[in-house]
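First up is the structure itself, then whatever we jot down about it.
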């Protein structure tokens, strides 16, 4: 046998990595359009999911390297739930074996070559505070609502802790990205190479100032312009959203997730990054 | 939402035994976590998630699906025979109650373009018969299973005394019976608008397939080293390196596993792809004889 070991690639992220909306490209007769950005599993079936898996960027990358991809089977999530899920997957056989293809893979560190993480909105993480001797846990977007800028309990807590809103937000974003970095560094101690890119822009300043993260960070080049997050890439090139992909869909669904072309573009950049790693040995 | 072109991308269901499941392909990963079972055995506890995921990147169903930019559906559990393949298809289309060994969810007929039915070994299909005892009482639904010696004696008595057949004649009848069952199933799915093709492993079904135009139209043949084969068995016997256990190109000491090698899966995939393309260009009779 050759010495070459073919290991898998883990893709961690939210609905962008999962491939939300890609089923519209199948044109299967059973497709039911979702309303806006909502996602109702009862409108979906297994064929839609199977098709989506066959065209999303994790499969494109894995096929390119003749290996397999592992993606969380659940749609969506925060950076926090993503970390929790993947930490539990690396069991190295401790929990034993499940007889059938399960939705919860049991992975050994030496079965994985790359861990590719797509960052999502910071305010999807939870924040817990103590108020009147009661622990209150909420998603950050619940504490800091777009329409009601700040929750009164949080306001009181900030005041008690002598902290401004801006500092609070900044701290949470840094905590968020630091927890990702910590996990990626943990994986690298097991010889798993790590790559990251981001949907939303709020982490970019921190990443740019951190050489370790910057070395692993993917920027996107599209039509001769560089973009450091998917949000700016897609906002400036609307065809990279399903809802504006008039090249492939006549009346596209009202879905702002990455189009099939955007998935190909993301795959291309990940492949390039992996090729750079591999050429360095 | 309205599609810009008429091309509907439907899935392909593959039914078969360990040949379709891709047993042994995980050995090509060279992962440290690989463990070999006893020679030519399959130990479910030794095949973990990463092995199974890697196996899927090399098995012919994925190679075919990738070629057509679509998805493949394959039975979850390894192994099986015609009987389990027929049941698996029923479960997959919701015609039978759920079975988590087969598939976890139901598919609609109009979401599947092709069924690729890989035949296995007729002897794996249990034979059921009613046995008349000396006192005239009847033992209903007695089983004859080749791999289960305790079922043999009674069955042989049944053959001689009731059926009045020698084993070889019964065997032909058994193969013909399963051939007809396969055909009936395929005709049913074609009546639902799904095209069907047959990938044949063993030689037993070949005489029946060749004598049946409808089935013969759907038979997939294999091209290898300037020869054409109509069953996997013959191709692998004549090209021993197409077994994992003789694949010295990839292994210094090959695993003791007789299943199709990585190259063999590529050959099978190419054969399926070619047949699918032919069926799109040629006029194959896809009308159903069922009412």
Subset of the range A:11-54 that is touching a residue at least 40 places away in the same chain (Cβ under 8 Å), within 11 Å of chain B (Cβ to nearest Cβ) and farther than 17 Å from residue B:66 by Cα - its residue that is surrounded by the fewest Cβ atoms within 10 Å (Cβ to Cβ): A:33
Conditions first: (1) more than 8 Å from every other protein chain (Cβ to nearest Cβ); (2) assigned to a helix (DSSP H, G or I). Residue B:50 passes all but one, so which condition is the exception? (1)
What about residue A:80, is it at pLDDT 90 or above, touching a strand residue (DSSP E or B) at 6+ places or on another chain (Cβ under 7 Å) and surrounded by fewer than 21 Cβ atoms within 10 Å (Cβ to Cβ)? yes
Restricting to helices (runs of 4 or more DSSP H) lying wholly in the range B:175-291: which have 2 or more residues that are in contact (Cβ under 8 Å) with a residue 60 or more places away in the chain? B:213-217, B:262-281
Out of everything in the range A:55-85 that is in a loop (DSSP other than H, G, I, E, B) and more than 19 Å from residue A:258 (Cα to Cα), what residue ends up being farthest from the other protein chains (Cβ to nearest Cβ)? A:65
Scan the range B:77-100 for residues that are surrounded by fewer than 16 Cβ atoms within 10 Å (Cβ to Cβ), within 17 Å of the chain's Cα centre (by Cα) and assigned to a loop (DSSP other than H, G, I, E, B) and report the count. 0
Does at least one position in the range B:43-59 carry a residue that is in contact with a strand residue (DSSP E or B) (Cβ under 9 Å, 6 or more places away or on another chain), in the same structural domain as residue B:265 (by TED's automatic domain parsing) and under 29 Å from residue B:177 (Cβ atoms)? no
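Here is a yes/no grid of residues against (1) modelled with pLDDT under 95; (2) under 27 Å from residue B:233 (Cα atoms):
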{"site": "B:9", "(1), (2)": "yes, no"}
{"site": "B:13", "(1), (2)": "no, yes"}
{"site": "B:41", "(1), (2)": "yes, yes"}
{"site": "B:91", "(1), (2)": "no, no"}
Given B:82, B:105, which one is in contact with a strand residue (DSSP E or B) (Cβ under 9 Å, 6 or more places away or on another chain) and assigned by TED's automatic domain parsing to the domain that holds residue B:192? B:82
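The values are calculated or read from the model by the stated rules, or taken from the named source; none is laboratory data. As the structure is a prediction and not an experimental result, all values here were calculated from the model. Glycine also receives a Cβ, built like all others from the backbone with ideal geometry; neighbour counts cover every protein chain displayed.
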